[in-house]
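Engineer: Have a look at the structure that comes next, please.
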Amino acid sequence: MTQLTESPLITARRPAWRHVSVSAVVAGLVAVAISYAGPLLVVLGAAQRAGLDPGQTASWVWAISVGSGIICVSMSLVTRQPVVVAWSVPGAALLITTLGGYEYSDAIGAFIVTGVLTIVLGVTGWFGRLMRALPRPIMAGVLAGVLLPFVLDAAGASAEAPIVAGGLVLAYVLGRRFLPRYAVLVALAAGVALAFATGTTTAPHLSAGLTMPLWTTPTFDPQSIIGISLPLLIVTMAGQNGPGLAMMHSNGYAANDRLLLGAAGAGSVLFAPFGAHSINLAAITAGICCGREAHEDPARRYVAGISCGVFFVAFGFAGQNIVELLGAVPEQLVTAAAGVALFGALQGALTDVVRVDPDPPVGAKAPGSGGRRGPAGLEAGVVTLAVTASGLTVADIAAPFWGFLAGALVYLILSVTARRRGA
């Protein structure tokens with residue numbers, strides 16, 4: 001595949017509207033629909049668990065939607081590449097267990113700190129070097145530990161509501177078999193249809209007005225920064241931005257990681273006071289806009305990124321109605337849908353936890369891994385997963401931080417011991 005450059009392509013000299021195609025516009029719409037069919041449910045779960053009122057919840061939906069849309073449009077136009085950003089799904093999953101333990105204004109301040117750290121890691125180029133320096137199983141263990149409870153909850157929801165939730169899970173499996181790219185969308189459609197058929201839905205209160213954001217003045221508390229900012233940074237950078245860059249590269253786009261991560265971090269900071277927890281590069285939905293389905297000509301696929309952004313903004317201003325519609329369905333349906341939406345991410349994280357590369361000779365480094373993917377990394381990753389999934393909370397600091405700390409300590413002890421034995 002021909003590698004695309006970071007600078008505008010020769011074909012991009014023509015106005016963007018000359019490159020518009022039905023396939024690219026549809027690709028953007030499908031990407032947004034999939035984002036709302038699964039990942040948004042995790043955000044709503046975090047808002048519900050934290051006790052946010054409907055206005056705050058709608059503002060959160062507005063912030064992540066409009067913020068993501070603006071960055072999609074602007075970065076796709078600037079780079080002439082299909083840049084797709086969205087909100088952090090594992091980050092939202094993390095907030096389900098942590099957000100309720102802090103004042104909302106403190107959480108907003110923590111979101112801003114996460115955005116600032118993302119900017120620093122992105123524009124300085126430290127992110128790539130950091131990912132090579134840290135044991136990958138530890139980062140994957142944090143992500144897997146955050147996601148695992150939601151997949152397990154989907155099993156429990158299926159037992160409580162076998163027709164609605166169980167049917168949704170079955171539809172997801174069938175979707176993976178016949179329409180793998182749209183499996184989550186198929187599952188949600190089936191779940192909603194079953195909910196209507198069984199009479200377990202309620203009438204939503206829809207309004208004709210647009211959703212408007214609510215400003216929350218941020219406050220900065222050290223505990224919320226440690227308990228929210230650092231774990232959110234870890235799972236977002238490792239679970240979203242890294243795979244997002246890899247997705248663009250695998251489709252032949254030489255993505256400018258400093259520009260894109262800097263823009264995502266800036267969007268997080270600007271929209272945090274309205275509720276946005278994190279804005280980052282997308283991976284799964286980016287594959288729809290970066291692939292051949294968007295357009296045969298790679299130089300014209302950037303229109304799919306623009307289309308995605310436009311639909312994000314439009315959906316964001318209808319955030320209140322979207323919240324009402326999703327609130328009209330049974331709780332078990334939402335739980336099961338969130339579980340299947342996170343299943344693929346969990347599978348990838350678990351694979352990275354248990355994958356083992358042979359330890360390099362003493363004094364040597366494994367190519368591209370810093371010698372950090374051997375048995376010591378495996379054990380450290382499993383410890384990280386166990387502590388994170390346990391839900392352990394100490395000093396009001398949530399489990400992902402302690403999981404990361406425990407895994408790093410285990411790795412340090414085992415790797416130092418192994419080097420001494422080798423010497």
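Engineer: First select every other residue whose beta carbon is under 13 angstrom from the beta carbon of residue 76; then total the charges, Lys and Arg +1, Asp and Glu -1.
Structural biologist: Net charge in that neighbourhood comes out at +3.
Engineer: Can I ask one more? Around residue 298, under 13 Å between beta carbons, what's the net of Lys plus Arg minus Asp minus Glu among the other residues?
Structural biologist: After counting each charged neighbour, the total is +1.
Engineer: Same structure, new question: What longest region of the chain stays clear of trypsin sites (Lys or Arg not before Pro) that DSSP places outside H, G, I, E and B and that have at most 15 other Cβ atoms within 10 Å?
Structural biologist: Segment 1-291 is the longest.
Engineer: Convert 25 °C to kelvin, take the viscosity as 0.890 mPa s, use the Kirkwood radius over C-alpha pairs of region 72-178 as Rh, and evaluate the Stokes-Einstein diffusion coefficient in µm²/s, rounded to a whole number.
Structural biologist: Stokes-Einstein gives a translational diffusion coefficient of 139 µm²/s.
Engineer: How long are the three semi-axes of the equivalent ellipsoid of region 86-131, in whole Å, if each is the root of 5 times an eigenvalue of the C-alpha gyration tensor, listed from largest down?
Structural biologist: Each semi-axis is √(5λ); the values are 24, 13, 8 Å.
Engineer: Treat each spin label as a single point 7 Å out from the Cα along the C-beta direction, and report the residue 246 to residue 220 distance in nm.
Structural biologist: Between residue 246 and residue 220, the simple spin-label model gives 3.4 nm.
Engineer: Explain nothing, just compute: Karplus ³J(HN,Hα) = 6.51 cos²θ - 1.76 cosθ + 1.60, θ = phi - 60°, for every residue of region 333-345 in order, whole Hz, x for Gly and Pro.
Structural biologist: 5, 4, 4, 5, 5, 5, x, 6, 5, 9, 4, x, 5
Engineer: Moving on to the next point. Please give the direction-averaged projected area of the C-alpha convex hull for region 228-307, in square nanometres with one decimal.
Structural biologist: 5.6
Engineer: If I stretch the segment between residue 354 and residue 129 completely, what's the gain in nm (0.36 nm per residue apart, minus their alpha carbon distance), one decimal? Let's see the in-between values first.
Structural biologist: Working: separation 225, 0.36 × 225 = 81.00 nm, distance 2.24 nm.
Contour length minus Cα-Cα distance gives 78.8 nm.
Engineer: Tally Lys/Arg at +1 and Asp/Glu at -1 over every other residue whose Cβ is under 15 Å from the Cβ of residue 154; what's the total?
Structural biologist: On the way: positive: 176; negative: 153, 160, 331.
Its environment carries a net charge of -2.
Engineer: Report, by chain and number, residues whose modeled amide H sits under 5 Å from the one on residue 317, excluding near sequence neighbours (fewer than 5 apart, same chain).
Structural biologist: none
Engineer: Would you compute, from DSSP H runs of 4+ residues alone, the mean residue ellipticity of the chain at 222 nm, taking -39500 (n - 2.57) per run and dividing by the full residue count, rounded to the nearest 500?
Structural biologist: The helix contribution divided over the chain gives -21000 deg cm²/dmol.
Engineer: Assuming R0 = 22 Å, can you tell me the calculated FRET efficiency for the pair residue 74 and residue 254, based on Cβ-Cβ distance, to the nearest 0.05?
Structural biologist: Taking R0 as 22 Å, the efficiency between residue 74 and residue 254 is 0.70.
Engineer: Taking 7 Å along the Cα-to-C-beta vector as the label spot, tell me the residue 412-residue 297 distance in nanometres, rounded to one decimal.
Structural biologist: 5.5
Engineer: Same structure, new question: Would region 129-183 count as rounded, prolate or oblate if I go by the C-alpha gyration tensor, calling it rounded below 1.5 in a/c and otherwise prolate when a/b exceeds b/c, oblate otherwise?
Structural biologist: Oblate.
Values in this text are rule-based calculations from the coordinates and carry no lab data. Just so it is clear, the model here is predicted, and its values are computed rather than measured. Cβ coordinates were reconstructed from backbone atoms using ideal geometry, including for glycine residues, and neighbour counts include every protein chain displayed.
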